[in-house]
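Here's a structure for you.
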Amino acid sequence: MGKYYQPEIETASVEQIKSWQNEKLVKQIKHVWDNVPYYRNKMEEKGITPDDIKSIDDLHKLPFLTKDDLREAYPYGLLGTDLKNCVRIQSTSGTTGKRVVAFYTQEDVEIWEECCARAIMAVGGTNEDVCQVAYGYGLFTGGPGLNGGSHKVGCLTLPMSSGNTERQLQFMTDLGATILCCTPSYAAYLAESIHERGLRDQIKLRAGIFGAEAWSENMRRDIEKSLGIKAYDIYGLTEISGPGVSFECEAQTGMHINEDHFIAEIIDPDTGEVLPEGSKGELVFTCIDKEAFPLLRYRTRDICVLTRNKCSCGRTFIKMTKPMGRSDDMLIIRGVNVFPSQIETVLLQQGYQANYQIVVDRVNNTDTFEVLVEMTPDLFSDNLGKITEMEKELVLALKAMLGIQAKVKLVAPKSIARSEGKAVRVIDKRKI
């Protein structure tokens, strides 16, 4: 039925997939034990050695890795190979300003790009397509991942990066882009801009690969209608490689996980116990052939469900639902990870107390992001000029920490409502 980049892998029997996973896992555990002292110590603390892991049935014995481990081991503590074998880093913001840095060997890059190529072919992409990549390039994984996948498929690749809408529309119309890759909110914004300029009949798009932020089925239908395309979901995280960890096929009923590279588990976020297939819980990934940054049992904090129901596309990889929320307090705003703890760090550095409120909304398909900050009595002033100046300083400091612009409003001391002594930190009005 579907088009596959690597049919013999993507439609392999479940037994075959499990056999690859067993073989790769055993090898990877040894690789990590020999090369990553940080993780070896965690295994020793649990009284586990590589001999205890004979197949994926023993995976549950291994210790978890979390964002805190990444912060503690930064920058080189989880590196699984000599630095001279690494050819690239990608990065995302961490919880309190220390960035997450992931390393890649050339082989890691190849595998990642193959995963993205599978995603492009799953939406019907071929070497006759023109693929417009409007995810951010640079440290963010979106641009580089889809760019590499597009090359592997043989599409004409337009490496646009994000923003500069005029230029996006010029190339989209002049070069006849057929596949658009960007965040769903930017796709919706581009759709509006196309309609405003009366360009709808000059657009040749037929598919979109949208990820990096939460979006609803309603938003999918709106984008599909306004651009005349089919809109597909893609999922990934920098720590595991980037987009392409899983991807939607034409069935649009969840994302196939590239199981020949990543083993997925669902756990109870409170107890860490592995839950049976079909249960809702926290998604955990083990990278079974990454060389440079081989994370084992990494807790994503994303809540979802895994199912292996037969798919009409013919792929046999297990499917994950869209994430249904998180087991931590991370917000995704305009595709960027934002943690309340990062905002706290900035406020304390700037001499404020950590009394603040984050208000997120979505207006015209774009996330709005406002931070209300209580002034301390000694900073409190009725001099508007001074307050505006202080707000500007905070806007800059937050942008330096988060990588995106927030609107800042300084408010009077004790004016943020507290329930049971605790202020409600996050008000997310987005209907996702």
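Ranking W20, W112, W215 by Cβ neighbours within 10 Å, fewest first, what do you get?
The fewest-first ordering by Cβ neighbours comes to W20, W215, W112.
While we're on this one: How much length would be gained if the chain were fully extended between E72 and S91, taking 0.36 nm per residue of separation minus their Cα-Cα distance, in nm to one decimal?
5.3 nm
How would you rank K230, K431, going from fewest to most other Cβ atoms within 10 Å of each one's own Cβ?
K431, K230
Return the percentage of antiparallel bridges among DSSP beta bridges fully within the chain, rounded to the nearest 5 %.
Bridges in the chain are about 65 percent antiparallel.
I would also like to ask the following. Along the three principal axes, how long is the chain when you take its alpha carbons, biggest first, rounded to the nearest angstrom?
On the principal axes, the chain reaches 70, 62, 42 Å in Cα extent.
Modelling each spin label as a point 7 Å along the Cα-to-Cβ direction, I'd like the E23/V424 distance in nm, to one decimal.
For E23 paired with V424, the spin-label model returns 5.5 nm.
Answer rounded, prolate or oblate for the range 231-298, using the Cα gyration tensor with square roots of eigenvalues a ≥ b ≥ c: rounded when a/c is under 1.5, else prolate when a/b is larger than b/c, else oblate.
oblate
Moving to a separate point now. Hey, could you get me the Stokes-Einstein D for the range 333-428, Kirkwood radius over alpha-carbon pairs, 20 °C and 1.002 mPa s, rounded to whole µm² s⁻¹?
Once the numbers are plugged in, D ends up at 155 µm²/s.
How much length is gained if the chain between E15 and D382 is pulled fully straight, taking 0.36 nm per residue apart and subtracting their Cα-Cα distance, in nm to one decimal?
Separation in residues times 0.36 nm, less the Cα-Cα distance, equals 125.1 nm.
Using a/c under 1.5 as the rounded threshold, could you call the range 1-158 rounded, prolate or oblate? The axes a ≥ b ≥ c are square roots of the C-alpha gyration tensor eigenvalues, and prolate needs a/b larger than b/c, oblate otherwise.
Since a/c reaches 1.5 but b/c is at least a/b, the shape of the range 1-158 is classed as oblate.
Restricting to bridges with both residues inside the range 333-428, how much of the DSSP beta-bridge set is antiparallel, in percent to the nearest 5?
Among the beta bridges of the range 333-428, antiparallel pairing accounts for roughly 60 percent.
Grab the Cα-Cα distance for D174 and Q106, subtract it from 0.36 nm times how many residues apart they are, and report the gain in nm with one decimal.
Gain on stretching D174 to Q106: 21.1 nm.
Enumerate cysteines in the chain without a disulfide-compatible partner, where compatibility requires another Cys Cβ under 4.7 angstrom.
For the chain, the answer is C86, C115, C116, C181, C182, C287, C304, C311, because their Cβ atoms have no other cysteine Cβ under 4.7 Å.
How many nm is it between the label spots at S193 and A400, if each spot is 7 Å from the Cα in line with the beta carbon?
So the label points at S193 and A400 sit 3.0 nm apart.
Can you list the HN-Hα couplings for the range 295-307, worked out from phi with the Karplus curve (6.51, -1.76, 1.60; θ = phi - 60°), rounded to whole Hz and with x for Gly and Pro?
The phi angles translate into 6, 10, 6, 7, 7, 7, 6, 7, 9, 7, 10, 9, 9 Hz.
All of the numbers you see were taken from the coordinates with simple rules; none came from a lab. Computed from a prediction, not measured in an experiment: that's the story for all the values here. With ideal geometry, Cβ positions are generated from the backbone for all residues, glycine too; neighbour counts draw on all protein chains shown.
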